[in-house]
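Have a look at this one.
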Amino acid sequence: MKKVMMGNHAVSWGVKLARTEVIAAYPITPQTQVVEALSEMCSSGELAARFIKVESEHSAMAACIGASATGARAFTATSSQGLALMHEVLHWAGGGRLPIVMANVNRALAPAWNVWTDQNDSLSQRDTGWIQLYCESNQEVLDTTIQAFKLAEAVDLPVMVVLDAFYLSHTSEPVDIPDQEAVDAFLPRRVARVKMDVNDPRSFGALATPAVYMEMRLRQQEAMELARVTYDEIVEEWGGMFGRRNGAIESYHAEGAEILLVTSGTITSTSRHVVNELRARGEKVGLVKVKMFRPFPTEALRVALAGVPHVAVLDRNISPGHGGIFAEEIRSALYDLAPERRPRVHGYIVGLGGRDVTPAVIEDCLARTRAAAGAGNTPEREDLWVGVKS
C-alpha cells in the first residue's frame, strides 16, 4: 500500500507496524505529530499499546527504561532541548543494554530559540551508548524505524532514528507501507533475554564496584561492534523482502571520482542532484552517504574513500572549538591508511539552524575543494563555513 505522508507520520506507521507495546509521549516541536498520531492509533484500538503521558522528556525516557526492563517493546520521540533534557537517562538506557527505539527530529539547540534543523542535538548524545541512524527520505524513515527495533533487540542496545526537522518531519512524500504480516515475519514479538521477573529475580541499576564496572563497559562496546555486522544483515534481509536497501553507508557515482562529497540526512538528496549535473558536464565527482553514525562505520568508509584524492564533508553541525563532527570522525577513521591512499579531508559547516543547503552551496563547497587541491592541497582552515552572510 502506498500513502502520501509526512516524515513524522512515517515514524508513527513504523512504530505501529513494529507492534510496539509501550509509548511514552511528551510533545515538542517539531516531533509532536509523531506521538499525536500514535495516540490516535492507541485510542482507536488500531495499536494495542500502553500510551503513557508524562510531564517531561526526562520522564518519557524513564518510562521507556522501566517498560523495556520488563521485556516490553518501548518507544518515544523527541527533539532538541527535549533530547538534551533526557541526557542523564540516555546513559541509563545505553549502559543498561535496553533495546528502546527513539525518533529524534533534528532541531537546532538554543540559544537562540530555533525550531529548524541541524544535527547538534543528536550528535551531542554520541557518547551515551545509543546506536544512531540518520535518514534521507520519508520512506527510509518508515523502513528504518522497523529495522531499528530488530537491531536494538538483536544486540540489546537502544537505537535513535534521526530525521531532519521540516525537510522530512513536515514534508509529505509517497511512502510504501509494507503489509503487517510481512513485518511480523521480519520482526517477531520481542523475547527479552533478561528482564524483571518475580520468578527469576535479578538486580537492575545496582552499584557496580571497580571490580566489575570496566567489564560492563567492555560488553557494551562489544555490542556496539556487533551492531555494525548485525545492521548489514538486517538491511539485506529487509532488501530481500521489500526490495529496498539503505546500508550504513552508500556510494553514488564514486567510480573514478577525484572528489567525493560525504553527506548525511536530506543534504544527501540535494547532493545527488549536484553530482548528476556535474557528472553530465564530465566532472569526476561522487558521493558517499553516511547513515550510521554510532557505531561509526570506520572500515566501510576506509574502503569507500581510500585512494580518492579529496573528500568534502558537509556537516550540518559544529563542535565548538573543534569543527564539523562528521569531518573529524572521518579524519580519525582514515588516519591509519597509507599516505598515498589517504584522502585530503575538507570540512564544511553548512545549514545550521535550518538554513537551506542549496545546489549553489554544495557547488561552492566543491569549488573550494578544487581550489585547495590546486594550491597544494591545503584548505584555508579545517572548518570552512559556507552559506554565511558576510
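Pop out the ³J(HN,Hα) list for region 379-390 in order, Karplus 6.51 cos²θ - 1.76 cosθ + 1.60 with θ = phi - 60°, rounded to Hz; leave Gly and Pro as x.
x, 5, 7, 6, 10, 8, 8, 10, x, 8, 7, 6
Right, something else. Give the long-range amide H neighbours of Ser319: residues separated by 5 or more places, or on another chain, with amide H under 5 Å away, using H modelled in the peptide plane at 1.01 Å from N.
Residues meeting the amide H criterion: Gly324, Ile325.
If you don't mind, another one. Choose one of Trp130, Leu218, Pro158: the residue whose Cα lies farthest towards the positive end of the charge dipole of the chain (beta-carbon charges +1 Lys, Arg; -1 Asp, Glu; about the Cα centre).
Result: Leu218, furthest along the dipole toward the positive end.
Cα extents of region 175-218 along the three principal axes, largest first, in whole Å?
50, 28, 14
Going 7 Å from the Cα of Arg126 in the Cα-to-Cβ direction, what parts of region 98-114 have a backbone nitrogen less than 15 Å from that spot?
Those under the cut-off are none; the list is empty.
Which percent of Cα-Cα pairs in region 102-162 sits in each 10 Å bin, short to long?
Values per bin, smallest distances first: 22, 48, 25, 5.
Add +1 for every Lys or Arg and -1 for every Asp or Glu among the other residues with Cβ under 12 Å from the Cβ of Met86, and state the total.
Local net charge: -3.
Now, a different point. Placing unit charges on C-beta atoms (Lys and Arg positive, Asp and Glu negative, everything else neutral), compute the dipole magnitude of the chain about its Cα centre in debye, rounded to 20.
Roughly 160 debye, rounded to the nearest 20.
Can you list, bin by bin at 10 Å, the percent of alpha carbon pairs in the chain, starting at 0?
In whole percents, the pair-distance histogram is 5, 24, 33, 24, 11, 3, 0, 0.
So, in nm, how far is label Arg381 from label Phe51 when the simple model puts each one 7 Å beyond its Cα toward the Cβ?
So the two model labels end up 4.9 nm from each other.
Per q in 0.19, 0.22 Å⁻¹, report the Debye log10 I(q)/I(0) for region 213-335, using one uniform scatterer on each alpha carbon and no solvent.
Reported log10 I(q)/I(0), two decimals: -1.13, -1.31.
Now for a different question. Count the lysine pairs in the chain whose Cα atoms lie under 19 Å apart, taking only pairs 8 or more positions apart in sequence or on different chains.
6
Report the charge-dipole magnitude of region 199-344 in Debye, nearest 20, computed about the Cα centre from +1 at each Lys and Arg Cβ and -1 at each Asp and Glu Cβ.
380 debye
Convert each backbone phi in region 269-277 into a coupling constant with the Karplus relation 6.51 cos²θ - 1.76 cosθ + 1.60 (shift: θ = phi - 60°), then list the ³J(HN,Hα) values in order as whole Hz, x for Gly and Pro.
5, 5, 5, 4, 4, 4, 4, 4, 5
Also, quick follow-up: Only Cα pairs under 8 Å and at least 6 apart count here; give the relative contact order of region 249-385 as a rounded whole percent.
With pairs under 8 Å counted, the relative contact order is 25 percent.
Could you tell me whether region 43-201 comes out rounded, prolate or oblate from its Cα gyration tensor? Rule is a ≥ b ≥ c as square roots of the eigenvalues, rounded for a/c under 1.5, then prolate if a/b exceeds b/c, otherwise oblate.
Because a/c hits 1.5 or more and a/b fails to exceed b/c, region 43-201 counts as oblate.
Still on this structure, I have one more. Between Val198 and Ser43, how high is the FRET efficiency from 1/(1 + (r/R0)^6) when r is the Cβ-Cβ distance and R₀ = 22 Å? Nearest 0.05.
0.10
Residue by residue through region 51-62, which ³J(HN,Hα) values in whole Hz follow from phi under the Karplus form 6.51 cos²θ - 1.76 cosθ + 1.60 (θ = phi - 60°), with glycine and proline marked x?
Rounded to whole hertz, the list is 9, 10, 8, 10, 9, 6, 5, 4, 5, 4, 6, 4.
Here's another thing I want to ask about it. Restricting to DSSP loop positions (anything but H, G, I, E, B) with no more than 13 other Cβ atoms inside 10 Å of their own Cβ, which GluC sites (Glu not before Pro) remain in region 177-285?
Glu255
Using the 10 angstrom Cβ neighbour count as an exposure proxy, how do His273, His58 rank, fewest first?
Placing the least packed residue first, the sequence is His273, His58.
How would you classify region 141-231 from its alpha-carbon gyration tensor, with a ≥ b ≥ c the square roots of the eigenvalues: rounded for a/c under 1.5, else prolate if a/b is greater than b/c, otherwise oblate?
The shape class here is prolate.
If packing is taken as the mean number of other Cβ atoms within 10 Å per residue, what is the order of 30-42, 330-342, highest first?
30-42, 330-342
With the Cα gyration tensor of region 66-136 giving a ≥ b ≥ c as the square roots of its eigenvalues, does the rule (a/c under 1.5 for rounded; else a/b larger than b/c for prolate; else oblate) give rounded, prolate or oblate?
prolate
Among 159-169, 186-196, how do they line up from the highest to the lowest mean number of other beta-carbon atoms within 10 Å?
Result, highest mean Cβ count within 10 Å first: 159-169, 186-196.
Placing +1 on the Cβ of each Lys and Arg and -1 on the Cβ of each Asp and Glu in the chain, which of Met6, Met241, Ala208 has its Cα farthest towards the positive end of the resulting dipole?
Final value for the positive-end residue is Ala208.
Counting other Cβ atoms within 10 Å, which chymotrypsin sites (Phe, Trp or Tyr not before Pro) in region 16-124 have at most 13 and lie in a DSSP loop?
Passing sites in region 16-124 are Trp113.
In addition: Please give the calculated 222 nm ellipticity per residue for the chain, where each DSSP H segment of at least 4 residues contributes -39500 (n - 2.57) and the sum is spread over every residue; nearest 500 deg cm²/dmol?
Using -39500 (n - 2.57) per qualifying helix, the result is -12500 deg cm²/dmol.
Using Cα atoms only, what is the angle between the long axis of helix 359-374 and the major principal axis of the chain, expressed in degrees (0 to 90) to the nearest 10?
Around 50 degrees separate the two axes.
Laboratory data are not the source of any read-out in this text; all were calculated from the coordinates shown. Given the structure is predicted, the values throughout are model-derived calculations rather than measurements. Virtual Cβ from ideal backbone geometry, glycine too; neighbours counted across all protein chains shown.
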